[in-house]
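Take a look at the structure set out below.
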Amino acid sequence: MAKTVFITGATSGFGKATAEIFAGNGDNVIITGRRQELLNTLSKQLKLEHNVKVTSLCFDVRNNDEVVAAINSLENKVIDILINNAGLASGINKIQDGALDDWDKMIDTNVKGLLYVSKAIMPLMIQNKEGHIINIGSTAGKEVYMNGNVYCATKHAVNAISKAMRIELLEHGIKVSQVSPGAAETEFSEVRLHGDVEKAKEVYAGYEPMTAEDIASIIFYVATLPKNLCINDLIVTSLSQANSFYINRK
Ligand code: NDP
Ligand code: 8X3
């Protein structure tokens, strides 16, 4: 039976590819992000190609009023799968040189935004006695690397929140998984480097990083296991990467 999948950050990268894979499977998708134009284009594309129900909600996960209003506006409040994907790194400096604006953006989006969206959707899943939350963590949530400081801290927080959700939602039969990718080429580095496209390309030079489609296929796998099975945490890198520190560049 078709599921309803709520994806944050579906205008680009992992979220967009994830919306495409679920819609391709015949599932209904709720796509969200701040860029209305991109939501409109993706919505049209998915409806045309896959004939599924696509709802697009334009909001900023950092604004709890917007989050609550968007979720309240849904006609059908049965959400089978929530993919907490919206997130970013902003800036890459030593901690003593960090910019407050970058820190606020990362903490407010990756930690508080994920919490706001989850707070609005968890009661619906509890009421429905079923649901699956998939949080997008990172290898940065497992190890702290040079110049990663606050971004790593936010992904360590996602790691802890995922564990907490799994414990506290256990009695309600709600699955909680974390997918923790290493380097994948999306808009991520461009955003992190404040729009410097050339520098962003260098991040992926000399090796084959993962793609958004790779991560979407992993998320889809995690989401489609038998009901009795729950992937707690899945760390995935390309063959060129061992962990946050070692990348085999040619
Ligand atoms: P992209 O930059 O391609 O996509 C990020 C998405 O998040 C966009 O759709 C963006 O939409 C959305 N987003 C960002 N800020 C907000 C906000 N305040 N409110 C709502 N939506 C927001 O990056 P990725 O696809 O690579 O990243 C997705 C997730 O994966 C992030 O959590 C990232 O930390 C994580 N990750 C990425 C890795 C990588 O190497 N690429 C590796 C490991 C984890 P819009 O701008 O329209 O709001
Ligand atoms: C994104 C991967 O290595 O830039 O979470 O932290 S990394």
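Worth pointing out:
- Restricting segment 88-98 to residues that are open to solvent by 40 Å² or more (accessible area, probe 1.4 Å) and part of a loop (DSSP other than H, G, I, E, B), the residue that is nearest to D196 (Cα to Cα): I92
- When Y221 is tested against (1) under 27 Å from E130 (Cα atoms); (2) in a loop (DSSP other than H, G, I, E, B), just one condition goes unmet, and that condition is (2).
- Scanning segment 21-58 for residues that are farther than 22 Å from G131 by Cβ and of a type in the set (D, E, K, R) gives R34, R35, E37, K44, K47, E49.
- Restricted to segment 106-143, and to residues there that are within 16 Å of ligand 2 (Cβ to nearest atom) and in a loop (DSSP other than H, G, I, E, B), the residue that is farthest from K227 (Cα to Cα) is E143.
- Considering residues of segment 98-150 that are among the aromatic types (F, W, Y) and under 19 Å from the mean Cα position of the chain (by Cα) only, the residue farthest from ligand 1 (Cβ to nearest atom): W103
- Restricted to segment 1-24, and to residues there that are closer than 9 Å to V52 by Cβ and touching a residue at least 40 places away in the same chain (Cβ under 8 Å), the residue that is surrounded by the fewest Cβ atoms within 10 Å (Cβ to Cβ) is A2.
- Residue that is within 15 Å of ligand 1 (Cβ to nearest atom) and more than 14 Å from A120 (Cα to Cα), where the choices are T32, T55: T32
- Residues in segment 155-208 that are of a type in the set (G, A, S) and touching a Ser or Thr at 6+ places or on another chain (Cβ under 8 Å): 7 in all.
- Look at segment 94-116: where a residue is farther than 30 Å from R166 by Cβ and without any contact (Cβ under 8 Å) to a residue 24 or more places away in the chain and a partner is open to solvent by 20 Å² or more (accessible area, probe 1.4 Å) and within 15 Å of ligand 2 (Cβ to nearest atom), sitting 6+ places away or on another chain with Cβ atoms under 8 Å, you get A99/N93.
- Condition broken by E213, with the remaining ones in (1) touching a residue at least 40 places away in the same chain (Cβ under 8 Å); (2) surrounded by fewer than 18 Cβ atoms within 10 Å (Cβ to Cβ); (3) in a loop (DSSP other than H, G, I, E, B) satisfied: (3)
- Enumeration of residues in segment 144-163 that are assigned to a helix (DSSP H, G or I) and either open to solvent by 10 Å² or more (accessible area, probe 1.4 Å) or out of contact with any helix residue (DSSP H, G or I) (no Cβ under 7 Å at 6 or more places or on another chain) (or both): N149, V150, Y151, A153, K155, H156, A157, N159, A160, I161, S162, K163
- Residue match in segment 168-183 (condition: among the hydrophobic types (A, V, I, L, M, F, W, C), closer than 16 Å to M122 by Cβ and within 12 Å of ligand 1 (Cβ to nearest atom)): no
- Among residues of segment 1-42 being of a type in the set (G, A, S), within 16 Å of ligand 2 (Cβ to nearest atom) and part of a loop (DSSP other than H, G, I, E, B), the one that is nearest to P226 (Cα to Cα) is G9.
- Output for segment 72-106, where each listed residue is aliphatic (A, V, I, L, M) and within 20 Å of F14 (Cα to Cα): I79, I81, L82, I83, A86, L88, A89, M106
- Residue count, segment 164-203 (criterion: more than 14 Å from ligand 2 (Cβ to nearest atom), in a helix (DSSP H, G or I) and either in contact (Cβ under 8 Å) with a residue 40 or more places away in the chain or of a type in the set (A, V, I, L, M) (or both)): 7
- Filter result for L229 (hydrophobic (A, V, I, L, M, F, W, C) and surrounded by fewer than 14 Cβ atoms within 10 Å (Cβ to Cβ)): yes
The values are calculated or read from the model by the stated rules, or taken from the named source; none is laboratory data. Note that the structure is predicted; figures quoted are calculated from it, not measured. Cβ coordinates were reconstructed from backbone atoms using ideal geometry, including for glycine residues, and neighbour counts include every protein chain displayed. Accessible surface is based on the protein model in full, side chains and every heavy atom, while ligands, DNA and RNA are left aside. Shrake-Rupley method; radii C 1.70, N 1.55, O 1.52, S 1.80 Å.
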